[in-house]
1. Looking at (1) among the acidic types (Asp, Glu); (2) modelled with pLDDT under 95; (3) touching a Cys at 6+ places or on another chain (Cβ under 8 Å), which one does Glu83 not meet, given that it meets all the others?
2. Do the conditions hold for Leu107, that is, is it within 16 Å of Val57 (Cβ to Cβ) and either open to solvent by less than 50 Å² (accessible area, probe 1.4 Å) or assigned to a helix (DSSP H, G or I) (or both)?
3. Do any residues in segment 149-170 that are within 16 Å of Pro116 (Cα to Cα) and among the aliphatic types (A, V, I, L, M) have Cβ atoms under 8 Å from those of residues that are open to solvent by 70 Å² or more (accessible area, probe 1.4 Å) and not in a loop (DSSP other than H, G, I, E, B), where the two are at least six apart or on different chains, and which pairs are they?
4. Determine which single condition Ala118 fails, assuming it passes every other condition in (1) modelled with pLDDT of 95 or more; (2) closer than 29 Å to Asp28 by Cβ; (3) part of a loop (DSSP other than H, G, I, E, B).
5. If I filter segment 116-165 down to residues being under 19 Å from Leu53 (Cα atoms) and open to solvent by 50 Å² or more (accessible area, probe 1.4 Å), which single residue comes out as nearest to the chain's Cα centre (by Cα)?
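The values are calculated or read from the model by the stated rules, or taken from the named source; none is laboratory data. Keep in mind that what you see is a predicted model, and the values were worked out from it rather than measured. Positions of Cβ are generated from backbone atoms using ideal geometry, with glycine treated the same way; all protein chains shown enter the neighbour counts. Accessible surface areas use protein heavy atoms only, side chains included; no ligands, DNA or RNA. Shrake-Rupley method; radii C 1.70, N 1.55, O 1.52, S 1.80 Å.
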Amino acid sequence: MTDGDPGTRTLVLLRHAKAEQGSDAADDADRPLSARGSADAAAAGAWLARHGLLPDVVICSTARRTRQTWHGVAMGMTGSPPEGGPAGPRPTVRYEPGAYDAHPEELLSLVRSVDPAARTALLIAHNPGVSLLSAFLDPDGATDEGLRTAELAVHRCPLDWMELSRAGAPLTARHTARD
């Protein structure tokens with residue numbers, strides 16, 4: 001699944017893994033992952049490693065469940081049991097408060113700020129924004145239900161990050177741990 005073209009950028013969108021239910025709206029950003037969510041995050045990381053999609057840059061919402069999703073993904077990418085994959089160089093990780101409850105335009109702005117030298121970026125965020133961003137980048141690849149928890153959407157683009165635009169990054173793969 002890796003692309004040998006040095007000009008190609010790969011954007012991997014990931015909806016955070018399954019979280020515990022919160023008791024009220026005030027504690028939404030502090031909800032932890034459920035046991036299933038932790039396992040799914042690690043499985044997502046192992047899938048990324050197996051497909052050569054190790055990120056150079058990670059943009060992650062500051063919500064607890066997204067930070068825990070990134071931790072699980074990172075563990076899955078490094079070859080930790082049970083599914084393991086090849087370890088790669090450590091990515092630059094940016095925890096972005098603006099990714100929480102963000103509209104797709106706000107998420108796109110975060111992606112456009114990625115270092116031009118980076119070839120693969122991983123954005124871990126929330127619905128509906130992350131699903132709407134995927135649909136924006138490839139309207140033909142969108143589904144009515146959007147991304148499920150711990151679902152990965154892989155978009156490829158021949159342009160620089162700053163040039164990402166509507167229908168400019170075809171969806172080349174989708175994966176969930178439950179598939």
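1. (3)
2. Answer is yes for this residue.
3. Pairs that qualify, where the first residue is within 16 Å of Pro116 (Cα to Cα) and among the aliphatic types (A, V, I, L, M) and the partner is open to solvent by 70 Å² or more (accessible area, probe 1.4 Å) and not in a loop (DSSP other than H, G, I, E, B), are Met162/Arg112; Leu164/Arg112.
4. (2)
5. Arg119
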